[in-house]
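Below is one structure, written out as structure tokens, with a few remarks after it.
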Amino acid sequence: MRIPDLPRPRSLAGQLFAMQAVLIAVLVAGYALFTYVSDRDQAEQAARSQATAVARSVADSPSVRAAIRTPRPTTELQPYALRIMRDTDVDFVTIMNPQGIRWTHPDVTQIGQRFRGNTAKALRGDTFTETYTGTLGASVRAVTPIEDGDGSVVGLVSAGIKVESISKRVQDQVTALFAVAGGALALGAIGTYVVNASLRRHTHGMNATELSRMHDYHQAALHAVREGLLMLDGQYKVALINDGGSELLGVSEEVVGQSVADLGLPAPLTGALLASEPRVDEVHLAADRVLVVNTSPVSGGERRGTVVTLRDVTELQSLMGELDSERGFTQALRSQAHEAANRLHTVVSLIELGRAQEAVDFATAELELAQALTDQVVAAVAEPVLAALLLGKTAQANERGVELVVSQESTLDDGVLPESLPARDLVTILGNLIDNAVDAAQGSMRARVTVTASTHGPELLLRVADTGAGVDPAHASQVFERGFSTKPSGPGGRGLGLALVRQAVQRHEGTLSVAEAEGGGAEFVVRLPLRTTAASAPGGRG
């Protein structure tokens, strides 16, 4: 059995259109009703005033007083009353004697008959109005006395307008009002339809339930995605940022509405976010993280904003650095193995030639040289991670024709470095400084790199000097910026090593500086505070 499809709820735009149309109709109908009641009261009041004015003008007419004194008042008063009715647009003008016997009436058959209505107040000299049903039907009438020169009442005048005529006047006004109201309703409906058609396009015809559900999914997705998501409007202000973006950039969600330039981000990263052209997989530094940034403008005929995605590659960058070091070590070991094979062949050949003593002397000298290098490094730097790094970098530098020397000022015992200073950060700092120095010294007349590692009170001192061309003082403030390099760019780009050094140093609240070395070239100095309360146990590194 097939279950019939339930009707789809009306879209939000349709609901708004229906609500606005009903609202306009109710407002117009209410105003029309109010106007009808108000106009009816005003029309009735105007009819009373008009009837009173006509009755008084007739009562004050000398010709009327003169006609009353004649033997047959109707002969002169009837034509006069009909003329007054025609000129003043009233339905009747009745002139009568004090006893209420009519001298005039629109219907001549009623002349001589008694007036239907109240006359007591008029006989006392007062003018009054009332609504009364007489021979012509219900009417609004005024009754006033006709007084002689001595003040005595010699006759009465009643002028009136039929209620039917008053209603007709109001109906004409209300008809015009409803015509205007209908036009206003039509214009309002058309305007509402146009607005809601635009709204329907923007909401893609979805109803309120679907929009609410989409919003819930939208919020859940934003908070669930671990990658950073940043949306900028056309003025480069933050329109939206998810939890991942706040964490990666080191800002709070309160930055919504602020300009990117006011977020306090590094200049290169700010420049990438403010760029009008797309950025694809650019590596930038932010606070203590290495980020891959992608930007894409929002299309739509005009610049509506930019969508920015952020990926944290701090761990990946660190692992890549370690991998580069391992590759260097591997190449050095391969080269040493090749050299060792050559030396071994030399020893074997000396033995085959019967020169055993010379073979022993040659092999002993090579072993003593290698052991002396190891003893020199370990004696100066007993910390195992830095010692292993220096031995590997020494072999790498030697392969490139650069002499790496550990200065005699180096005194770094094992176990003095706290747990707050992890081995990975030490490798990042010292390894990148040595690689940079070897690059600078390679090809110089005295290709040499001097490394100093020691502790001075509550801080760790790392100094790396080279015999290269040095650093131009004009570039001293830029040398640690990501992307800055005096060497040609390779496939992966340059200028990231020193930026990573500065990032690691800042993360541990240290200082980093560059100056000219004594023998020429550049000298980089790093000072890192040692928090002795978190010192690790001896031998705890490796």
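For Met206, all conditions in the list (1) at pLDDT below 75; (2) outside any loop (DSSP other than H, G, I, E, B); (3) not small (Gly, Ala, Ser) hold save one; what is the number of the exception?
All conditions are met except number (2).
Quickly run through region 175-214 and pick out the residues that are within 29 Å of Arg40 (Cα to Cα) and of a type in the set (Gly, Ala, Ser).
Those that are within 29 Å of Arg40 (Cα to Cα) and of a type in the set (Gly, Ala, Ser): Ala176, Ala179, Ala181, Gly182, Gly183, Ala184, Ala186, Gly188.
Could you say which residue among Thr94, Thr129 is touching a residue at least 40 places away in the same chain (Cβ under 8 Å) and open to solvent by 30 Å² or more (accessible area, probe 1.4 Å)?
Criteria check complete, one pass: Thr129.
Scan region 90-101 and tell me whether some residue there is at pLDDT below 85 and not hydrophobic (A, V, I, L, M, F, W, C).
No; the residues of region 90-101 include none that is at pLDDT below 85 and not hydrophobic (A, V, I, L, M, F, W, C).
Checking the conditions here, which among Gly431, Gly392 is surrounded by 16 or more Cβ atoms within 10 Å (Cβ to Cβ), under 21 Å from Ala499 (Cα atoms) and in contact with a helix residue (DSSP H, G or I) (Cβ under 8 Å, 6 or more places away or on another chain)?
After ruling out the rest, the residue left standing is Gly431.
Among the charged types (D, E, K, R) and surrounded by fewer than 16 Cβ atoms within 10 Å (Cβ to Cβ): is that true of Arg201 in this structure?
In short, yes.
Out of region 395-414, which residues are among the small types (Gly, Ala, Ser), surrounded by 15 or more Cβ atoms within 10 Å (Cβ to Cβ) and over 20 Å from Leu460 (Cβ atoms)?
Ala395, Ala397 - these are the residues of region 395-414 that are among the small types (Gly, Ala, Ser), surrounded by 15 or more Cβ atoms within 10 Å (Cβ to Cβ) and over 20 Å from Leu460 (Cβ atoms).
Any chance you could count how many residues in region 293-313 are under 17 Å from Glu227 (Cβ atoms) and either modelled with pLDDT of 80 or more or open to solvent by 30 Å² or more (accessible area, probe 1.4 Å) (or both)?
Of the residues in region 293-313, 11 are under 17 Å from Glu227 (Cβ atoms) and either modelled with pLDDT of 80 or more or open to solvent by 30 Å² or more (accessible area, probe 1.4 Å) (or both).
Residues being surrounded by 15 or more Cβ atoms within 10 Å (Cβ to Cβ) and part of a strand (DSSP E or B): count how many of those fall in region 97-117.
Count: 1.
Among the residues of region 232-283, which ones are open to solvent by 60 Å² or more (accessible area, probe 1.4 Å), part of a strand (DSSP E or B) and modelled with pLDDT under 80?
Asp281
Would you check which residues across region 149-166 are loosely packed, with under 14 Cβ neighbours inside 10 Å and touching a residue at least 12 places away in the same chain (Cβ under 8 Å) and list them?
Gly151, Glu164
Can you pull out every residue in region 50-91 that is part of a loop (DSSP other than H, G, I, E, B) and either open to solvent by 50 Å² or more (accessible area, probe 1.4 Å) or closer than 20 Å to Asp150 by Cβ (or both)?
Those that are part of a loop (DSSP other than H, G, I, E, B) and either open to solvent by 50 Å² or more (accessible area, probe 1.4 Å) or closer than 20 Å to Asp150 by Cβ (or both): Asp60, Ser61, Arg69, Thr70, Pro71, Arg72, Asp89.
Tally up the residues in region 26-73 that are under 60 Å from the mean Cα position of the chain (by Cα) and under 25 Å from Gly112 (Cβ atoms), please.
The number of residues fulfilling the criteria is 0.
Scan region 441-479 for residues that are crowded, with 22+ Cβ neighbours inside 10 Å and either at pLDDT below 80 or part of a loop (DSSP other than H, G, I, E, B) (or both) and jot them down.
Of everything in region 441-479, those that are crowded, with 22+ Cβ neighbours inside 10 Å and either at pLDDT below 80 or part of a loop (DSSP other than H, G, I, E, B) (or both) turn out to be Thr467, Gly468.
Show the residue pairs that are 6+ apart or on different chains and have beta-carbon atoms under 8 Å apart, the first residue being within region 222-238 and aromatic (Phe, Trp, Tyr), the second being at pLDDT 80 or above and open to solvent by 60 Å² or more (accessible area, probe 1.4 Å).
Pairs that qualify, where the first residue is aromatic (Phe, Trp, Tyr) and the partner is at pLDDT 80 or above and open to solvent by 60 Å² or more (accessible area, probe 1.4 Å), are Tyr236/Ala261; Tyr236/Leu274.
May I ask you to verify whether Ala21 is at pLDDT 75 or above and surrounded by fewer than 18 Cβ atoms within 10 Å (Cβ to Cβ)?
no
The values are calculated or read from the model by the stated rules, or taken from the named source; none is laboratory data. Keep in mind that what you see is a predicted model, and the values were worked out from it rather than measured. Heads up, the Cβs are rebuilt from the backbone with ideal geometry, glycines too, and the neighbour counts pull from every protein chain shown. The protein model used for the area step is the full one, side chains on, heavy atoms only, and it has no ligands, DNA or RNA in it. Shrake-Rupley method; radii C 1.70, N 1.55, O 1.52, S 1.80 Å.
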